[in-house]
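A.B. asks: This is the structure I want to talk about, given as structure tokens.
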Amino acid sequence: MSGRLVTRLSSVRCSLFLCDMQEKFRTNIQYFNEVVFNSSRLLKVAKLLDMPVVCTEQYPKGLGPTVPELGIQEYGIVPVEKTQFSMVLPQITDNLLKNHEQVNTIILCGIETHACIHETALDLLEKGFGVHVVVDACSSRSMLDRKYAFKRLKAAGVTLNTCEGVVLSLAKDSKHPKFRELQKLIWESMSGIANCARLGVLLRSEAILRQYLTRYSPCVTHLHTGSKTPLGQKQKALSEHVDGGDNVPSMTVKEKVKETTKTVGYSGIVLAGLGVTSIILYYVFRELFSSDSPNSVYTAALDRCLRDPKVADLLGEPIKGFGEETRRGRRTHVSHLLYEKDGANYLRMKFYLKGSRNQATVNLEMVENKQTGHFEYRYLFVQTEDMARRVVILEDNRGKTDYTSSPSPTELGSLPAPLFPLEGLK
């Protein structure tokens, strides 16, 4: 085996290392489901291209077995148990040198980035292997540990790659005999992540539903209506009350004045109610149909995002927009804040997008044009919620619309600052 570090990938010279994706880590590791999903895709690619695969388990008696959704059972892969952080065990390296001597590059994914992945990569470098760490298939309990582990690995000579980047590097050409199968794995829907995450929840929900049906289905609800007077008797009594006497006394002047006062009072109440109703209808109309209302701004911004090809490519169609979740589980409330700064009116808003492959947060801010009296975009951008935090900038007019300086999030006090550093957009 050559001692030269290899950065280009080739299926005949690469091996896939899957590190410690076990049950006990499921609830502690950030983006665990994404890590397992992308690792599972790389496993399918490796078996499709006849690449050797190594899988390890860190102290399985305490941390549990490898999660089933990774899919190693389908290929008969037996995990190697270990207690040290590094995957570079004598039996693993001996097997590579003996049975796969052409392998000189390792594709590495799993957990945790700052521990087992970090130590494995350094040991492999010392033994002369080229190492590609798949950043969207590696994670830690702390994103800070993950971030600086990648920095250390890059400084040490490790190549940082992505799941899709690895697959395309291995294919090299669309004329590859298995490119169609590889392409399906590239475009495999991200709904697989949600399916993995919901599996346990669905099983528990099924048990709860079965228990509920067993307990309550035989029951019949009876409504106690109490004693009721027959409808015919009520109608008869009403008729007798209205038409019962011919000798109805005429109203006195005092009674007429009293009745007139009541009528005027009731009329005043009705007119006041009509006035209040008109005011309410005015504000409802302004909120729903005015072009500068938060609802209209949200509708226009959502339409702008849905029509943008970059957003569609990033999230996958179809794309849905929604706001914050309410107590009833509905997501129709869009976070927004109207405020005034140095005589100018501002509107800041945040809502969410969900596509077939990814989710994103939309942040926008508008400022009122003093000449036209209408709101104009100060900025509008879409930021994905995955580990990559990719950004699509749809509007950035701060140099044109900054009639006054925009207040800081601490001055506003209602909406959190966008995750993307806005000042970096200038």
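A.B. asks: Considering only residues that are of a type in the set (Ser, Thr, Tyr) and in contact with an Asp or Glu (Cβ under 9 Å, 6 or more places away or on another chain), which ones fall in the stretch 94-141?
C.D. replies: THR113, SER139, SER140
Residues are listed down the side, and each one gets a yes or a no for (1) within 30 Å of the chain's Cα centre (by Cα); (2) surrounded by fewer than 16 Cβ atoms within 10 Å (Cβ to Cβ):
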position: ARG13; (1), (2): no, no
position: MET21; (1), (2): yes, no
position: SER40; (1), (2): yes, no
position: LEU48; (1), (2): no, yes
position: LEU70; (1), (2): yes, no
position: VAL78; (1), (2): no, yes
position: GLU81; (1), (2): no, yes
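A.B. asks: Considering every residue within the stretch 66-77, establish whether at least one is touching a Lys or Arg at 6+ places or on another chain (Cβ under 9 Å), of a type in the set (Ser, Thr, Tyr) and either more than 21 Å from ILE29 (Cα to Cα) or not assigned by TED's automatic domain parsing to the domain that holds ARG180 (or both).
C.D. replies: yes
A.B. asks: Condition test on VAL131, is it farther than 21 Å from PHE37 by Cβ, modelled with pLDDT of 95 or more, in a strand (DSSP E or B) and assigned by TED's automatic domain parsing to the domain that holds MET21?
C.D. replies: Yes, satisfied.
A.B. asks: For residues that are polar (S, T, N, Q) and modelled with pLDDT of 90 or more, scanning just the stretch 346-374, find the one that is farthest from the chain's Cα centre (by Cα).
C.D. replies: ASN363
A.B. asks: Would a scan of the stretch 275-293 turn up a residue that is surrounded by fewer than 13 Cβ atoms within 10 Å (Cβ to Cβ), at pLDDT 85 or above and hydrophobic (A, V, I, L, M, F, W, C)?
C.D. replies: Yes, the stretch 275-293 has at least one match.
A.B. asks: Further question: Exactly one of (1) modelled with pLDDT of 95 or more; (2) over 30 Å from the mean Cα position of the chain (by Cα); (3) closer than 22 Å to THR162 by Cβ; (4) polar (S, T, N, Q) is unmet by THR7. Its number?
C.D. replies: Only one criterion is unmet by THR7, namely (1).
A.B. asks: Across the stretch 149-187, what is the total count of residues that are hydroxyl-bearing (Ser, Thr, Tyr) and either within 28 Å of the chain's Cα centre (by Cα) or in a helix (DSSP H, G or I) (or both)?
C.D. replies: So the count comes out to 2.
A.B. asks: Still on this model: Restricting the search to the stretch 83-94, which residues are surrounded by 12 or more Cβ atoms within 10 Å (Cβ to Cβ) and within 17 Å of GLU112 (Cα to Cα)?
C.D. replies: Scanning the stretch 83-94 gives GLN84, PHE85, SER86, MET87, VAL88.
The values are calculated or read from the model by the stated rules, or taken from the named source; none is laboratory data. Note that the coordinates shown come from a computational prediction; the quantities given were computed from them, not determined experimentally. Cβ coordinates were reconstructed from backbone atoms using ideal geometry, including for glycine residues, and neighbour counts include every protein chain displayed.
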